[in-house]
1. Ranked by Cβ crowding within 10 angstrom, fewest neighbours first, how are 52, 127 ordered?
2. Over the chain, with a Gaussian network built from C-alpha contacts below 10 Å, which listed residue (125, 31, 162) shows the highest mean-square fluctuation?
3. Among 170, 104, 89, which one shows the biggest mean-square fluctuation in a GNM of the chain, springs joining Cα atoms closer than 10 Å?
4. Taking springs between alpha-carbon atoms closer than 10 angstrom, which of 56, 129, 46 fluctuates most in the Gaussian network model of the chain?
5. Restricting things to Cα coordinates, could you compute the convex hull volume per residue of the chain in Å³?
């Protein structure tokens, strides 16, 4: 499989408005999961699970029409599930698939919040991807996970692992950060 380059940026306000966006590979994303950044939230790295990175890549309608999506994404900010519950629920729905699960920057031991990424075996256009995300979220909710459905929007930012300085101890160690990399198969769409 060719090396996919996902559109990315730095902080909520980052925009190119006509110029191409930077890109990030899955290998680079895995490295961030294993070694989260230490940036202020306003400069945190995000990605959109599409390879379309031209100047209007943050526009939902542009990604819907022009995007090529290579990853399912999940955002869980409520319900306080354990990481094993998140992994188990995704496996119950999709089987033995590759996945990355990591805690978000606002998570604590008392209030766990997660992001999950599931690489795909082929690209989906924006319409297929949006419909697949909706079905995936419905099934995750049947598994009792409370997902943020904003990630079904094709231009929605997914923040990558970042533990800002104020959430680290005096030695720079995160106060709370958990992650899991599951090696399985790339999810095959049927």
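1. Details: 52 20, 127 12.
Ranking 52, 127 by Cβ neighbours within 10 Å, fewest first, gives 127, 52.
2. 31
3. Of 170, 104, 89, the Gaussian network model singles out 170 as fluctuating most.
4. Highest fluctuation among the options: 56.
5. It comes to 107 Å³ per residue, whole-number rounded.
Every number in this text was worked out from the coordinates using simple rules, so none of it is lab data. The structure presented is a predicted model; accordingly, all values stated were derived computationally and were not measured. Counting neighbours? That spans all protein chains shown, and the Cβs are built from the backbone with ideal geometry, glycine included.
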